[in-house]
Amino acid sequence: MKQLVIVLTLLASSFAFSATKMTHEQRDKYVADVAKELRRDLWIQQHEDVNSTTEYPSYEEIEDFLFGEQSRYYESNLDDDEVEQVLSCYKSRSCRVYHIVVSSSYYSGYGEDSHFVLLDVYKRKHELLSHNIYSE
């Protein structure tokens, strides 16, 4: 009986911990690790001069990036469902939108990719929505 109580207590405490919201510092570290993985993948593929920038954009910045004048020059755009996911995440209390832009050169070419990180701050998981901004 004591063992059952201990097991139930441990389960309850682990559930309570997993249901807590990530702190600002935890979110920043999580997204920094995602950016690091994106850069690492390009290095493995023999890309050079790999750089990334990460931001926590406002709703207006997201709309400008997705629908603004410059968006018509992107090599590819997010599809309508992905755009809806980004905007829905921004409006949700349990989700945070981060934007990572990764640039690199490959032989004589250059490219930039956009990655929206939709981070569930309770489940501590993310979804990555990516598209190519520029390549030559």
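The values are calculated or read from the model by the stated rules, or taken from the named source; none is laboratory data. This is a predicted model, so every value here is computed, not measured. For neighbour counting, all protein chains shown are included, and Cβ atoms are generated from backbone atoms with ideal geometry for every residue, glycine included. Please note that ligands, DNA and RNA were not included when accessible areas were found on the heavy atoms of the full protein model with its side chains. Shrake-Rupley method; radii C 1.70, N 1.55, O 1.52, S 1.80 Å.
Taken over segment 50-60, the criterion of being of a type in the set (Asp, Glu) and either under 14 Å from Ser114 (Cα atoms) or at pLDDT below 95 (or both) is satisfied by Glu55 alone. Residue count for segment 80-99, restricted to those that are assigned to a helix (DSSP H, G or I) and either within 23 Å of Met22 (Cα to Cα) or without any contact (Cβ under 8 Å) to a residue 24 or more places away in the chain (or both): 11. Does at least one position in segment 104-116 carry a residue that is touching a strand residue (DSSP E or B) at 6+ places or on another chain (Cβ under 6 Å) and within 22 Å of His24 (Cα to Cα)? Yes, segment 104-116 has at least one match.
Screening Asn77 against (1) under 13 Å from Ser130 (Cα atoms); (2) in contact (Cβ under 8 Å) with a residue 24 or more places away in the chain; (3) open to solvent by less than 80 Å² (accessible area, probe 1.4 Å) leaves a single unmet condition, (3). Only a single item in (1) assigned to a helix (DSSP H, G or I); (2) surrounded by 10 or more Cβ atoms within 10 Å (Cβ to Cβ); (3) modelled with pLDDT of 95 or more is not met by Ile6, and it is number (3).
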